[in-house]
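Here is the structure we will look at.
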Amino acid sequence: MSEESNIHRESRLAKLRALEESGYNPYPYKFEPNAYAADLQEKYKDLEAGVDTTDRVTIAGRAMAVRNSGMFIDVKDKSGKIQAFCHKNHLSEEDLARLKNLDVGDMVGISGYIRRTPRGELSIAAEKFDIIAKSLQPLPEKFHGLTDVDARYRQRYVDFIMNDDSREIFEKRCKITSAVRHYFEEHGFLEVETPMLHPIMGGANAKPFITHHNTLDMDLYLRIAPELYLKRLVVGGFDRVFEIGRNFRNEGIDKSHNPEFTALEAYQAYADYNDMAALIPELIAYVAQEVLKTSIIYVGEHEIDLSKPWTKKSMIELVKEYTGADFMQAETLEDAKALAQSVGVDASSCISWGKVISEVFDAKVEAHLIQPTLVMDMPRDISPLAKTHRSNPRLVEHFDAYIAGMEMGCAYSELSNPLEQRARFEAQCADREAGDDEAQMLDEDFVTALENGFPPSGGMGMGIDRLAILLTGAATIRDVIAFPTLRKRD
């Protein structure tokens, strides 16, 4: 804490002591406002300047500005701002004493009548004044303009106090999650919860976090995906299920990745990835309309209409379109690596044909997919939980959904043959032994679940945080997560 901050805090502590010594509690148990700033601004928008009413209200909020020794206070509540007019003729001696101990940032409760000042400012003429939470920390004067962006994320509560844009993004994010939930409930899906502590890592290709349970004396993985448990529920007869919850991946941090993130997964019995290819565009357009009241968004100079049909192209086709390289002609891993090298991508560390194609796609194609695109038919050796493509055994029925150069989600025709699933897991185990620490493990219980009969199913997953980035126009995933993961301060 700086010397200047210490001085401000000491001043506030002195005022706190003065309040307490007078017998006043500046941290009461309860306070009941009966009106909000935005509602009052709307209700009295036609009130003429200089007119007093007999309408009395009680508001509560944060003092964002104090002028003329407290005569004028800008009070901000969850809906907006309104001015309080605190004149000595309308307040008791006790109220006036409290007013002298007011600082910017304090939470206040004010009761009085509605008026519009001669200068045209809608105000509450205070007849009762309370400090209901004495702030001991001074607010920054221009928090929105801080060059130390990291400070906004570390003290997010201050960011939300000072920066209306940050509040709006977070409020929209909450509405996005609510709209996603409503969509699935309307379509007959049951919201469920599955474990976050997994004895076996599975459901995605990712590096896990590992923890230890003392009583059981066993290591557990924080889940990287809920997929395998959700499929167990489908085996158990729950034909349509979805879950919105936290996943954890021990990977890098960038504008679209955070180690813990909120994911949606949904599974529908008697469906395939073609049904999911209809569901995902419909879901995103629905959420946009619910939250933004429009299906049109803007990303940079690009206009994107989420209500229009999405482009569908295979990953192989897109790689060929943007690089000229046809990886279906690469018969071996070495052939694929050489082809990647010919288009300027170093794939020397890749251990499978599919990994090479994925590397080339990430380097040469992904950023071009601005308009909504379903990247269809992934290589079989990088997607161990999807059904083999019905017309090409080197591929699987798995697509990824892209908008604005960002992967939004994915979907499969879910692999239901337990014998083939075991073989795929075993191939993944071989990849782990070869050095791929993101490859999945063999989950014996999941294979046993499939042996009980898993109906033909379509499944999808989507990052709620990324959907929030898209629909709020946020620059980074940190802007849509209230408390993003940050490096520890020295």
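Stretched out fully, how many nm does the piece from residue 367 to residue 150 gain, at 0.36 nm a residue minus the Cα gap?
75.5 nm
Between residue 417 and residue 346, 0.36 nm times their residue separation minus their Cα-Cα distance comes to what?
This chain segment gains 22.0 nm when fully extended.
Calculated FRET efficiency, residue 55 and residue 31, Cβ-Cβ r, R0 35 Å, to nearest 0.05?
0.95
Per the 1.4 Å probe, what fraction of the accessible area of region 331-490, in percent, lies on carbon and sulfur atoms?
Values: 3200 of 6540 Å².
Percent of accessible area from carbon and sulfur atoms in region 331-490: 49.
Report the label-to-label distance for residue 96 and residue 182 in nanometres (one decimal), using points 7 Å from each Cα along the Cα→Cβ vector.
Spacing of the two 7 Å Cα→Cβ label points: 5.1 nm.
First measure r as the distance between the Cβ atoms of residue 451 and residue 128, then evaluate 1/(1 + (r/R0)^6) with R0 = 51 Å and state the FRET efficiency to the nearest 0.05. The partial results should precede the final answer.
Details: r = 71 Å, r/R0 = 1.39.
Here the calculated transfer efficiency is 0.10.
How much accessible area per residue does the chain have, in Å², with a 1.4 Å probe?
48 Å²
Could you work out the Kirkwood radius for region 359-490, taking every pair of different alpha carbons, averaging 1/r and inverting it, reported in Å?
17.0 Å
How big is the charge dipole of region 1-135 about its Cα centre, in debye rounded to the nearest 20, if each Lys and Arg gets +1 on its Cβ and each Asp and Glu gets -1 on its Cβ?
So the magnitude is around 120 debye.
Give me the distance in nm between label points sitting 7 Å out from Cα along the Cα-to-Cβ direction at residue 308 and residue 65, one decimal.
Once both label points are built, they end up 4.4 nm from each other.
Please list the non-local residues whose amide H lies under 5 Å from the amide H of residue 207, H modeled 1.01 Å from N, same-chain partners needing a gap of 5 or more.
Sorted by chain and number, the residues that satisfy this are 250.
Filter the chain for me: DSSP H helices, axial length by Cα at least 20 angstrom, mean Kyte-Doolittle hydropathy not below 0.0. List them by residue number.
Helices meeting the span and hydropathy rule in the chain are 273-292.
Between residue 193 and residue 294, with labels modelled 7 Å along Cα→Cβ, what's the label distance in nm to one decimal, could you check?
Placing both labels 7 Å beyond Cα along the Cβ direction yields 3.9 nm.
Output the pairs from 134/255; 43/175; 337/387; 293/364 with a Cα-Cα distance over 31 Å in this structure; if there are none, say none.
Check vs 31 Å cut-off fails for 134/255; 293/364.
Given [x] 1.05; [y] 0.97; [z] 1.09 as candidate values of Rg/Rh (Cα atoms, Kirkwood Rh), which corresponds to the one derived from the coordinates?
Calculated Rg/Rh (Cα atoms, Kirkwood Rh): the matching label is [z].
Quick one: what do you get for region 162-220 if you divide its Cα Rg by 2.2 N^0.38 Å?
1.74
Could the peptides 125-132, 19-26 be put in order, highest first, of the mean number of other beta-carbon atoms found within 10 Å of their residues?
125-132, 19-26
In region 342-401, which trypsin sites (Lys or Arg not before Pro) are in a loop and have at most 13 other Cβ atoms within 10 Å, using DSSP for the loop call?
When the trypsin sites (Lys or Arg not before Pro) of region 342-401 are filtered for loop state and at most 13 Cβ neighbours within 10 Å, 390 remain.
How far, in nm, would the chain grow between residue 42 and residue 165 when pulled straight, counting 0.36 nm per residue and subtracting the alpha carbon separation?
The residue 42-residue 165 span can extend by a further 42.2 nm.
What percentage of the solvent-accessible surface of region 88-205, computed with a 1.4 Å probe over protein heavy atoms, is contributed by carbon and sulfur atoms?
On the way: 2990 of 5820 Å².
Looking at region 88-205 in its full context, I get 51 percent from C and S.
I need the peptides 327-333, 100-106, 236-242 ranked by packing, meaning the mean over residues of other C-beta atoms within 10 angstrom, with the highest value on top. Please list the in-between numbers first.
Numbers: 327-333: 14.1, 100-106: 18.3, 236-242: 16.4.
Answer by packing, highest mean first, reads 100-106, 236-242, 327-333.
Return the calculated 222 nm mean residue ellipticity for the chain, to the nearest 500 deg cm²/dmol, obtained by summing -39500 (n - 2.57) across DSSP H runs with n ≥ 4 and dividing by the residue count.
-10000 deg cm²/dmol
Quick one: which of 15/45; 172/308; 76/308 span more than 32 angstrom between C-alpha atoms? All intermediate terms of the calculation are to be shown ahead of the outcome.
On the way: 15/45 37 Å; 172/308 23 Å; 76/308 40 Å.
Table pairs above 32 Å Cα-Cα are 15/45; 76/308.
The values are calculated or read from the model by the stated rules, or taken from the named source; none is laboratory data. Only a predicted model underlies this, so the values are computations on that prediction, with no experimental measurement involved. Because the Cβ atoms are built from the backbone with ideal geometry, glycine has one as well, and the counts that use them run over all protein chains shown. Surface accessibility is based on the protein's heavy atoms, side chains included, excluding ligands, DNA and RNA. Shrake-Rupley method; radii C 1.70, N 1.55, O 1.52, S 1.80 Å.
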